[in-house]
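The values are calculated or read from the model by the stated rules, or taken from the named source; none is laboratory data. All values derive from a computational prediction rather than experimental measurement. Backbone-built Cβ (ideal geometry, glycine too); neighbour counts: all protein chains shown. Each accessible area value is taken on the protein alone, full model and side chains, heavy atoms only, with ligands, DNA and RNA left out. Shrake-Rupley method; radii C 1.70, N 1.55, O 1.52, S 1.80 Å.
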Amino acid sequence: MTASRIADAFQAREHPLLVACTVAGDPDYEASLGIVRELVASGGDIIELVMPFSDPVADGPVMQQAAARALSSGMNTDRLFCLIRDIRSEMDVPLIILTYANIVFQRGISRFYRDAAAAGADGVAVADVPVEEAGPFRAAAAAAGIDHILFASQTTSEERLSSITEQAGGFIYLVAAMGVTGVREEIDPGILSCVKEVKRRSGVPVVPGFGISTSGQIRAYAAAGADGVIVGSAIVGEIGGHAGDRENLLPAVRRVMNRIRPDALRED
Amino acid sequence: MNDSSRFGPYGGRFVPETLMAALEELEEAYRTIVPSEPFQREMSFYLREYAGRETPLTFCRNMSDDLGCRVYLKREDLLHSGAHKLNNALGQALLARSMGKTRIIAETGAGQHGVASAIAGAVLGLNVEVFMGTEDMARQALNVARMRMLGARVVPVKSGSRTLKDAINEALRDWVTRLSETHYLIGSVVGPHPFPAMVRDFQTVIGEETRRQILEKEGSLPDAIVACVGGGSNALGMFVPFLSDEVLLYGAEAGGEGLEGNHGATLCAGRPGVLHGAYTYLLQDAFGQILESHSVSAGLDYPGVGPEHSLLKDCGRVLYRAVTDAEAIDSFLYLSRKEGIIPALESAHAVALARKLAVYQQKNDILVINLSGRGDKDVAQVASLMGSSL
Ligand SMILES: Cc1ncc(COP(=O)(O)O)c(C=O)c1O
């Protein structure tokens, strides 16, 4: 396998990486492309592109509404790969797809990973595929030469964490809140020691996500050893708030990125 | 994961990482507590003394004369609460209490499972919150009132199609946020392992009684058994004790407006995929987005089905047929007028399929219909659909 963009980005990092998330096709295809440009320009180190699913059980209202907007704008798996190809034609940013199992099953697991790799994606995370069900997904990722990203959480048992750290590709997506996606003011008690523990046991970078929206939270995760953070609903909520107000959409995305971007933290 | 999580290729545990610990805890409890003597003793006390088991297997003279074979109804409509759902609700609520949980959440479509959960929570001293789509709250208003009388909180679900599918999504989302005190009392043989196996086990009492009763009454097993299939719990509970017998098994799915229009006939017209934690037949588009189902009956209005049914379909052991809204309403009135029993609209689908199958039966053939529930909840809806023609 050629050196991966994801591994390179973590190796070269001088600050915790910001994984910036947006839903493909929200509010429509063209706008998505502009949003990804803006996310990269304003400090996003890795792009997490969500392929929406009609029944996203891991998601709170903000991401649910974004998925509904994207699906009603006509987003589908074919267009997802077109969008990634368009992004790749102008940007070298590491990019992962986050989706749900049925989207991958219906394309065919091997074909999904092959198409993802060919379009220029560097990894795939599937929100409702725990390590026990991940075998065929990992095999397809390996065959396509990209990463299959696994999740861990505070309630993950010792035993299961061992198999997750053994099999993880790219980085470990540490679910940092017991609940669904959505902005939270606080940090779950116990999550920082969980970051330390997973970090101690993992050979790949550890990146918390869920509920993160402030530079204070990011500072706390970084101090606990996190290699980056994933910011989703805070960005996607801004996109939703300006879906009908296109002129102010990209400035709003820039503002939220400026508020949270971790490399700016060093200047505090 | 052990093989018991799969039915052939179907089933499994496709859930977010945050739910895995809860499912492992539940599986452990299901394996160790449920088979234990004290649990079984409690369970049979509640089923017998409280819920009113066993339910009769009624020989229907008028229908038998009309259809030209020997027709029996398994009377789950006479169970406390008015539907089979209580068998499972009592089982899981007892288990939840043994696990030290204080709060129960449930989803409901027709409201029967919500009512059953509210009843089980009331009698066992557990707080109950029921997620219900606003579409279903409107068409099953009587059951919404019943749940509230019983002390349960009904949480309106406004996302997606605002029916059963979305109520399950919302219950799963709630469960992750309050795992330690909460048990998710799922209402059918759907969801991630161990739910499909556990709910089946709690409903198998239907088929076990039926087997004993028919052997007592007729001295032989039935020729055919018919049950309606939403998620599939009343059907599986009825079928399981007959799986290795020479008995034809039929599942009636929601044909809605017909298979060319809107419907809920997942096994007849769907394709395998993943929804609500399991790999199973689904109604979906070419890219895997779940389609909205339609049925006149809220309890069958679901674009998925229990994974064990997917296997039973593939291997041909159970035959699944679609029954339209119109046929179900016709049989709702038929059973009411022929036998003086108002069936649930869900169960009316089974009655309708049985009436079609009767053509193939001989005079002495025995046909058993699982009457999964009574129709009081549907009276207002059917009356308004019929308008002045009633
Ligand atoms: C009376 C009755 N029968 C059948 C069903 C369908 O569920 P299942 O297929 O799990 O038996 C319901 C669901 O609400 C119901 O209320």
How many residues of segment B:47-67 are closer than 28 Å to B:E107 by Cα, open to solvent by 30 Å² or more (accessible area, probe 1.4 Å) and either among the aliphatic types (A, V, I, L, M) or assigned to a loop (DSSP other than H, G, I, E, B) (or both)? The answer is 2
Residue count, segment B:217-246, condition out of contact with any Leu (no Cβ under 9 Å at 6 or more places or on another chain) and away from the ligand (no atom under 11 Å from the Cβ), comes to 6
Residues of segment A:219-246 being of a type outside the set (S, T, Y) and farther than 18 Å from A:R69 by Cα, in sequence order, are A:R219, A:A220, A:A222, A:A223, A:A224, A:G225, A:A226, A:D227, A:G228, A:V229, A:I230, A:V231
Expected output for segment B:104-118 (first residue at positive phi, partner acidic (D, E) and open to solvent by less than 10 Å² (accessible area, probe 1.4 Å), Cβ below 9 Å, 6+ apart or cross-chain) is B:G111/B:D136
Selection over segment A:107-124 where residues are open to solvent by less than 20 Å² (accessible area, probe 1.4 Å) and either within 19 Å of A:V204 (Cα to Cα) or within 14 Å of chain B (Cβ to nearest Cβ) (or both) yields a count of 5
Matching residues in segment B:100-137 (open to solvent by 40 Å² or more (accessible area, probe 1.4 Å) and either more than 16 Å from the ligand (Cβ to nearest atom) or within 14 Å of another protein chain (Cβ to nearest Cβ) (or both)) number 6
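Results for (1) crowded, with 24+ Cβ neighbours inside 10 Å; (2) over 27 Å from A:E132 (Cα atoms); (3) within 16 Å of the ligand (Cβ to nearest atom), shown as yes or no for each residue.
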{"position": "B:L259", "(1), (2), (3)": "no, yes, no"}
{"position": "B:H263", "(1), (2), (3)": "yes, yes, yes"}
{"position": "B:L291", "(1), (2), (3)": "no, yes, no"}
{"position": "B:S310", "(1), (2), (3)": "yes, no, yes"}
{"position": "B:R317", "(1), (2), (3)": "no, yes, no"}
{"position": "B:A326", "(1), (2), (3)": "no, yes, no"}
If you go through B:L243, B:L236, the only one that is within 25 Å of B:G111 (Cα to Cα) and under 20 Å from the mean Cα position of the chain (by Cα) is B:L236
A:D55 over 15 Å from the mean Cα position of the chain (by Cα), facing chain B (nearest Cβ under 9 Å) and over 16 Å from B:L291 (Cα atoms) = no
Selection from segment B:5-30 of residues more than 10 Å from chain A (Cβ to nearest Cβ) and either assigned to a strand (DSSP E or B) or without any contact (Cβ under 8 Å) to a residue 12 or more places away in the chain (or both) yields B:R6, B:F7, B:Y10, B:G11, B:E28
Note: among B:V199, B:V205, B:V155, just one is open to solvent by less than 10 Å² (accessible area, probe 1.4 Å) and of a type in the set (A, V, I, L, M), namely B:V199
Quick count over segment B:162-191, residues being within 12 Å of another protein chain (Cβ to nearest Cβ) and more than 16 Å from the ligand (Cβ to nearest atom), is 12
Worksheet item: In this structure, does B:A235 turn out to be away from every other protein chain (no Cβ under 14 Å) and of a type outside the set (V, I, T)?
Response: yes
* Answer yes if at least one residue in segment A:68-79 is crowded, with 19+ Cβ neighbours inside 10 Å, of a type outside the set (D, E) and in contact with a Lys or Arg (Cβ under 7 Å, 6 or more places away or on another chain), and no otherwise. => yes
Looking across segment A:125-162 at residues that are open to solvent by less than 30 Å² (accessible area, probe 1.4 Å) and among the polar types (S, T, N, Q), the single one that is nearest to the other protein chains (Cβ to nearest Cβ) is A:S153
**OP:** Within segment B:243-254, identify whether any single residue is free of Cβ contacts under 8 Å to residues at least 12 places away in the same chain and surrounded by fewer than 22 Cβ atoms within 10 Å (Cβ to Cβ), and answer yes or no.
**Re:** yes
Inside segment B:334-390, the number of residues satisfying the requirement of being over 16 Å from the mean Cα position of the chain (by Cα), open to solvent by 10 Å² or more (accessible area, probe 1.4 Å) and either away from the ligand (no atom under 12 Å from the Cβ) or acidic (D, E) (or both) is 29
- Would segment A:178-185 turn up any residue that is in contact with a Leu (Cβ under 8 Å, 6 or more places away or on another chain), assigned to a helix (DSSP H, G or I) and on the phi < 0 side of the Ramachandran plot? no
Going through segment B:160-188 in order, the residues found to be open to solvent by 30 Å² or more (accessible area, probe 1.4 Å), touching a helix residue (DSSP H, G or I) at 6+ places or on another chain (Cβ under 8 Å) and among the small types (G, A, S) are B:G160
Among the residues of segment B:265-289, the number that are in contact (Cβ under 8 Å) with a residue 24 or more places away in the chain, surrounded by 24 or more Cβ atoms within 10 Å (Cβ to Cβ), facing another protein chain (nearest Cβ under 9 Å) and touching a strand residue (DSSP E or B) at 6+ places or on another chain (Cβ under 6 Å) is 2
